[in-house]
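See structure below.
Derivation of every value follows stated rules applied to the coordinates shown; laboratory data play no part. The structure presented is a predicted model; accordingly, all values stated were derived computationally and were not measured. Positions of Cβ are backbone-derived with ideal geometry, glycine not excepted, and every protein chain shown enters the neighbour counts.
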Amino acid sequence: MPIHEQSLIRPENLVRQDKLTIDGVDVSGDWSTFIETRVVTDYNEAMQDEIAALPGGEYIHRCWQCGSCTNSCTVNAINPDFNPRYWIYLIRLGMEEELLRDKDIIWQCVSCNKCTYACPRDVVPEGVMKATAHWLELKGHTRPSTATVFDEVFSDQVFATGRIEEGRLMRGFFARTGQSLTQEWLVGMIRGLVSRLPVGLLMRLGLAAVLHPRTGGWGRTRQAIADYVAEQDASRRTALHLPPAPEARR
Ligand code: SF4
Ligand code: SF4
């Protein structure tokens, strides 16, 4: 296939002779630059459908590559390698190996949604970035991000009790991400809160941390949510050609 854009040329495939004369003509330096042939055979033809099957990726097919998302992007202004338009291009072509070269920066989207407002085709590029980061995790290309871990701890607590107890949520999140609870900024923040909050509220928070209160009659709601989550997870794994999750096989 022809080369569509310069960013697809790998630096190691650019060959340049510092000293070269052909038929008496000096073509040293940039004059002798050529690109070594690279044959791409490992297209993932299902890639666009896989991203579209994840929340946020539904409208990726609408992209016409105008570049407004990248031009308006907060992260691109700091790091030009962060390029939503280019990644959407790779996904639509099925160039999985090329996308994986940037797998460690795609998660850096800060969800400012500037791209969403700039996009003339309602692609919702912010959603596509989220879907792509999720796709990388599900396919095992990247470890679950801290945001994903927070979502899991939050959801587990809601499923178990039908409510959120902030102290337990933070303890669970810090434990899962290997962070200390005695970090200076956290201790300072808690001290500041304790000195400002009413005593009655502090007592209620303390009791909640010990007693783990539950929402009354939560059982049926919990089952309905668990069934829905399992159904959604199964449908995404099917779309991504992944085996069922271990707990779903039982
Ligand atoms: S939402 Fe993400 S991709 Fe869109 S402009 Fe903001 S940082 Fe860039
Ligand atoms: S702004 Fe929209 S249509 Fe333009 S390149 Fe980005 S996603 Fe595609």
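Observations, loosely collected:
- GNM result for the chain, Cα springs below 10 Å: residue of Gly162, Gly29, Gly172 fluctuating most strongly: Gly29
- Note that region 68-148 shows a convex hull volume over its alpha carbon atoms of 86 Å³ per residue.
- Restricting region 29-85 to GluC sites (Glu not before Pro) in coil, as DSSP defines it, with at most 10 other Cβ within 10 Å: Glu36, Glu45
- Ordering Gly219, His134, Gly29 by Cα displacement along the dipole of the chain toward the positive end leaves Gly219 in first place; charges were set at the Cβ atoms of Lys, Arg (+1) and Asp, Glu (-1).
- Shape annotation for the chain: C-alpha extents along the principal axes are 91, 43, 35 Å, from largest to smallest.
- For the chain, Cys with no neighbouring Cys Cβ under 4.7 Å: Cys63, Cys66, Cys73, Cys109, Cys112, Cys119
- Of every Cα-Cα pair in region 120-250, the percent that sits beyond 19 Å: 66
- Using a Förster distance of 25 Å, the FRET efficiency for Ala147-Val199 (Cβ separation, nearest 0.05): 0.15
- Using alpha-carbon coordinates, inclination of helix 184-196 to the longest axis of the chain, degrees: 40
- For the chain, modelled as a GNM whose springs connect Cα atoms under 10 angstrom apart, the maximal fluctuation among Ile164, Ile22, Ile106 occurs at Ile22.
- Cα long-axis angle, helix 146-161 against the chain (0 to 90 degrees, to the nearest 10): 30
- Against the main long axis of the alpha-carbon atoms of the chain, helix 125-138 sits at an angle near 80°.
- The count of lysine pairs in the chain that are at least 8 places apart or cross chains, and whose C-alpha atoms lie under 30 Å apart, stands at 6.
- Gyration tensor verdict on region 146-216 (Cα atoms; rounded if a/c is under 1.5, prolate if a/b is larger than b/c, oblate otherwise): oblate
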